[in-house]
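Written below as structure tokens is the structure these notes are about.
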Amino acid sequence: MSKEILVLSGPNLDQLGTRSPEIYGTATLDDHVDRLRAKAESQGFSLRHVQSNFEGVLIEAIHEARHTSAAILFNAGALTHSSWALADALAMFTGPAIEVHLSNPAAREPFRHTSTLAGVVQGSIAGFGGFSYDLALDAALALLV
């Protein structure tokens with residue numbers, strides 16, 4: 001089994017820390033990834049991070065993960081609500097895939113209430129701010145051991 005965990009970050013997540021801090025907090029994406037990397041490494045796993053504002057790059061990363069990664073933690077951002085192509089790519093991944101959101105999409109605008117990824121992931125963790133990432137990593141590690 002691969003000892004790599006892939007963290008995927010979708011559109012606009014590269015703006016964390018400055019984009020709507022009242023919703024997403026003041027931590028940057030690098031802050032979250034650094035914290036997750038340290039936690040994964042303490043459990044004997046490596047962590048690879050891919051952020052893109054382009055759907056195709058995220059799809060390619062999922063395709064590659066089928067051969068390199070044990071689990072995927074995925075915050076697809078707004079693509080969560082519209083990308084059937086991402087759902088199709090995730091459906092081919094055989095390890096745990098966990099959907100992550102800093103905010104709670106169900107408590108926000110109606111268009112955010114639908115997740116195209118929900119049917120192809122093991123679960124979704126949302127609404128706990130940066131701690132959502134930690135909970136998702138804990139879930140992935142529990143599913144892998």
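Values quoted throughout were computed directly from the atomic coordinates according to the rules given, and no laboratory measurement underlies them. Predicted, not measured: the structure shown is a model, and the values here were computed from it. Cβ: placed from backbone, ideal geometry, glycine included. Neighbour counts: every protein chain shown.
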Treat every Asp and Glu Cβ in the chain as -1 and every Lys and Arg Cβ as +1, leave all other atoms uncharged, and give the resulting dipole magnitude about the Cα centre to the nearest 20 debye. 180 debye
Give me the three principal axis extents of region 4-144 from the C-alpha atoms, as integers in angstrom, largest value leading. 35, 31, 24
Amide H neighbours of residue 100 under 5 Å, counting only residues 5+ apart in sequence or on other chains, H built in-plane at 1.01 Å? 74, 75, 76, 125
Pick out which of 89, 106, 126 has the largest mean-square fluctuation in a Gaussian network model of the chain, springs linking Cα atoms closer than 10 Å. 106
